[in-house]
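Starting off with a structure, shown below.
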Amino acid sequence: MDILEVIKERRSVRSFNGELLTPEMESSLNAAIANTYNPFGGKVTIRLKAFDKKAGYKPSTYGMIKGATNFFMLGIGADEASALSAGFCFEQVVLKAQEMGLGTCWIAATFKGSDFDRGEVWPSGEELKIICPVGVPEKPRILEKIGRMAMGSNKRKPFGEVFFTDNFKNPLAPDSHFGESLEMMRLAPSSTNSQPWRVLVDGRTVHFYYKPKSSVSVLDCGIGMCHFYLTEKFLGRKGSFFKAESAPTPPEDWKYLYSFSEE
Ligand SMILES: Cc1cc2nc3c(=O)[nH]c(=O)nc-3n(C[C@H](O)[C@H](O)[C@H](O)COP(=O)(O)O)c2cc1C
């Protein structure tokens, strides 16, 4: 399965079959964690932990997740680079899990942090901000289906509403140079499906902006930029991320994040 298929097939999974991951699955996921690429230099620590009966308790996700026994936990620094790095790095692991036929769900809000944090010590400056169940998916429950409908989780904003070229009023054509990679970014998951990412393409440079929606909007952008980057790589193109000294000034309610230039 190629990365485009993996991205297109991924959905948040909130119902699992209750079984622990096999040692082989755990070691593949731990290898994916060890091999993540982090172009933003932020602080993020990803751990995979089993909460089976031996842990003596079941951590709370306020009923949102059913049947999960393995969870990823993310310790993240407080600055912008760390939020971007967390989104970018952990989405690589999420896509690996998807490729292995496992379900995941990024969770920033609906979990009791103190339960998951028992016995965990994070590197200095990092705090547990994200957890994510991982396991063999089961059929979604009615409650899950209702939640998805309420958030419009199957829908994404139209391409021309979030991606522009030359100026912030001119929609980018989906069949233009960066079209396929940006389409994969468009499909990325985001907190409450808020899709805060915005883009201005200028020749072979892509400027990434966001419209702040929540405390995890920058992290959401890191996820989208991971999809963009993996697709560029899949297409055999080379490029790198950088902070532009004078990126085009965006509309008032957008903030500049990062840029990418093809070599
Ligand atoms: C950073 C982040 C935080 C999220 N937090 C939660 C959460 O606290 N609870 C939850 O049920 N879903 C959470 N989600 C899942 C989103 O609701 C979901 O990704 C979005 O609705 C799109 O659906 P999809 O992932 O199936 O494409 C989160 C997703 C992201 C990316």
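Beta carbons within 10 angstrom, averaged per residue: use that to sort the peptides 167-175, 95-103, highest first.
Numbers: 167-175: 12.4, 95-103: 18.9.
Peptide ranking by packing, descending: 95-103, 167-175.
Right, something else. So for the pair Glu120, Ile142, with labels modelled 7 Å out along Cα→Cβ, what separation do we get in nm?
It works out to 3.3 nm between the two label points.
What is the diffusion coefficient of segment 62-113 in µm²/s, taking the Kirkwood radius over Cα pairs and the Stokes-Einstein relation at 4 °C with a viscosity of 1.567 mPa s? Each step should come with its number before you reach the end.
Numbers: Rh = 12.5 Å.
Roughly 103 µm²/s, to the nearest whole number.
Set Lys and Arg Cβ to +1 and Asp and Glu Cβ to -1, take the dipole of the chain about its Cα centre, and tell me which of Val201, Ile131, Asn30 lies farthest positive.
So the residue we want is Ile131.
In Å², and per residue, what accessible area does segment 162-250 have when probed at 1.4 Å with the other protein chains present?
I get 42 Å² per residue for this part.
Let me ask something else about it. Could you pull out the GluC sites (Glu not before Pro) across segment 7-36 that fall in loop regions by DSSP (anything but H, G, I, E, B) with no more than 16 other Cβ atoms inside 10 Å? Numbers along the way, then the final one.
Numbers: sites: Glu9, Glu19, Glu24, Glu26; in loops: Glu19.
For GluC sites (Glu not before Pro) across segment 7-36 that sit outside H, G, I, E and B with at most 16 neighbouring Cβ atoms in 10 Å, the list reads Glu19.
Taking 0.36 nm per residue of sequence separation and subtracting the Cα-Cα distance, how much length would be gained by fully extending the chain between Ala34 and Asp202, in nm to one decimal?
Details: separation 168, 0.36 × 168 = 60.48 nm, distance 3.42 nm.
Full extension from Ala34 to Asp202 adds 57.1 nm.
So which chymotrypsin sites (Phe, Trp or Tyr not before Pro) in segment 41-137 pass both tests, a DSSP loop state and at most 12 other Cβ atoms within 10 Å of the Cβ? Spell out each step's value before the answer.
Numbers: sites: Phe51, Tyr57, Tyr62, Phe71, Phe72, Phe88, Phe90, Trp106, Phe111, Phe116; in loops: Phe51, Tyr57, Tyr62, Trp106, Phe111.
Sites meeting the loop and neighbour criteria: Tyr57, Tyr62.
Work out, step by step, the length gained on full extension between Met149 and Phe234: first 0.36 nm times the residue separation, then minus their alpha carbon distance; give nm to one decimal.
Values: separation 85, 0.36 × 85 = 30.60 nm, distance 3.21 nm.
Taking 0.36 nm per residue and subtracting the Cα distance, the gain is 27.4 nm.
Which of Gly135, Gly160, Gly42 moves the most in a Gaussian network model of the chain with Cα springs under 10 Å?
Gly160
DSSP beta bridges in segment 3-144, what fraction antiparallel, as a percent rounded to 5?
Values: 18 of 20 bridges.
That works out to approximately 90 percent antiparallel.
For Asp202, list long-range residues whose amide hydrogen, built 1.01 Å from N in the peptide plane, is under 5 Å from its own amide hydrogen.
His207
Okay, moving on. Report, in cubic angstrom per residue, the convex hull volume of the C-alpha atoms of the chain. Please report the intermediate quantities before stating the final value.
Values: hull volume 33.9 nm³, N = 263.
Once divided by residue count, the hull of the chain is 129 Å³.
With a length cut of 15 Å (Cα positions projected on each helix's long axis) and a Kyte-Doolittle mean of at least -1.0, go through the chain and give me the DSSP H helices that pass. Before the final figure, lay out each step's value.
Working: long enough: 23-34 (16 Å, 0.16); 80-99 (29 Å, 0.40); 217-234 (26 Å, 0.62).
Those that clear 15 Å and a mean of -1.0 are 23-34, 80-99, 217-234.
Summarise the accessible area of the chain (1.4 Å probe, protein heavy atoms) by the percent that is carbon and sulfur.
Numbers: 6400 of 12410 Å².
Whole-percent figure for carbon plus sulfur exposure: 52.
The values are calculated or read from the model by the stated rules, or taken from the named source; none is laboratory data. Remember, predicted model here, so these are calculated numbers, not experimental data. For neighbour counting, all protein chains shown are included, and Cβ atoms are generated from backbone atoms with ideal geometry for every residue, glycine included. The protein model used for the area step is the full one, side chains on, heavy atoms only, and it has no ligands, DNA or RNA in it. Shrake-Rupley method; radii C 1.70, N 1.55, O 1.52, S 1.80 Å.
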